[in-house]
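Peer 1: This is the structure, below, for whatever I ask next.
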Amino acid sequence: MANTTQQVRPKAVKAGIFIRFLASGYDLTILFGLLFIAFAILTLADPSMQSIPKWLQYLLSCSIAFAYFVGFWSKAGMTTGMRPWRLHVAMIDTGDRPSIAAAGIRFTALALTWIALGATFFQMNVYIATGQINRPLFAVASLMPALSMLIMILTPQRQALHDILSGTSVFRAEK
């Protein structure tokens, strides 16, 4: 009699938009805390932050965000913000945790979507304050998040744009 030790995966359902936004809120709160700690340490070294170039500050912020998301997705299949909601990121074809490369692609595409969303809100605030808007920037910036949401609603696996590009999807484990 052969001893088979197969890993049994929990049953899961496709995660919807609302639950993914809740998990994103948790993750962004944690990420802001990590960035606060990192920059608090930097201000101990240079309280005015004048000697630290802006590009280095941006690089530090991006590196911390990359390490947080890619590290958790590739090692555990979920971030800390996804845990309370029982969400898991998995490769769509195998169901395994994403590789570092797939998680990196997912992070890059997701970051570009969030940056575009931020640019959209910025342009709306400029329009409210001044009555002027940079129409091409607003059109491009607002198109990417809207397209990602539309794709998530229309695809059978509920994959957003960053999931399709990385070959992943987000699932919610059943109790």
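Peer 1: Under 7 Å between Cβ atoms, which residue pairs at least 6 apart in sequence (or on different chains) link something in the range 102-119 that is closer than 13 Å to residue 147 by Cβ with a partner that is polar (S, T, N, Q)?
Peer 2: Between residues of the range 102-119 that are closer than 13 Å to residue 147 by Cβ and residues that are polar (S, T, N, Q), the close pairs are 109/166; 113/148.
Peer 1: Filter the range 8-48 for residues that are among the charged types (D, E, K, R) and under 25 Å from residue 85 (Cβ atoms); which is modelled with the lowest pLDDT? Before the answer, list the steps.
Peer 2: The first filter runs over the range 8-48 and keeps only residues among the charged types (D, E, K, R), leaving 9, 11, 14, 20, 27, 46.
Those still in the list that are under 25 Å from residue 85 (Cβ atoms) too: 9, 11, 14, 20, 27.
On the way: 9: 60, 11: 72, 14: 84, 20: 91, 27: 96.
Applying the filter and picking the extreme gives 9.
Peer 1: Look through 109, 116, 141 and report the one residue that is under 18 Å from residue 79 (Cβ atoms), within 18 Å of the chain's Cα centre (by Cα) and surrounded by 15 or more Cβ atoms within 10 Å (Cβ to Cβ).
Peer 2: Selected residue: 109, the only one of 109, 116, 141 that is under 18 Å from residue 79 (Cβ atoms), within 18 Å of the chain's Cα centre (by Cα) and surrounded by 15 or more Cβ atoms within 10 Å (Cβ to Cβ).
Peer 1: Scan the range 39-79 for residues that are touching a Phe, Trp or Tyr at 6+ places or on another chain (Cβ under 7 Å), within 22 Å of residue 17 (Cβ to Cβ) and in contact (Cβ under 8 Å) with a residue 12 or more places away in the chain and jot them down.
Peer 2: Applying the first criterion (touching a Phe, Trp or Tyr at 6+ places or on another chain (Cβ under 7 Å)) to the range 39-79 yields 66, 69-70, 78-79.
Imposing the further condition that a residue be within 22 Å of residue 17 (Cβ to Cβ) reduces the set to 69, 78-79.
Once the filter is applied, which keeps residues that are touching a Phe, Trp or Tyr at 6+ places or on another chain (Cβ under 7 Å), within 22 Å of residue 17 (Cβ to Cβ) and in contact (Cβ under 8 Å) with a residue 12 or more places away in the chain, the range 39-79 yields 69, 79.
Peer 1: Return yes when residue 133 is surrounded by fewer than 17 Cβ atoms within 10 Å (Cβ to Cβ), among the aliphatic types (A, V, I, L, M) and under 29 Å from residue 77 (Cα atoms) and no when it is not. Explain how you work it out, then say what you get.
Peer 2: Details: surrounded by fewer than 17 Cβ atoms within 10 Å (Cβ to Cβ): yes; among the aliphatic types (A, V, I, L, M): yes; under 29 Å from residue 77 (Cα atoms): no.
The answer is no for residue 133.
Peer 1: Looking only at helices (runs of 4 or more DSSP H) that lie completely in the range 84-175, which have at least 1 residues being touching a strand residue (DSSP E or B) at 6+ places or on another chain (Cβ under 8 Å)? Steps first, answer last, please.
Peer 2: Numbers: elements: 100-130, 135-154, 161-166.
Answer list for the range 84-175: 100-130, 161-166.
The values are calculated or read from the model by the stated rules, or taken from the named source; none is laboratory data. Not measured: the values here are computed from a predicted model. With ideal geometry, Cβ positions are generated from the backbone for all residues, glycine too; neighbour counts draw on all protein chains shown.
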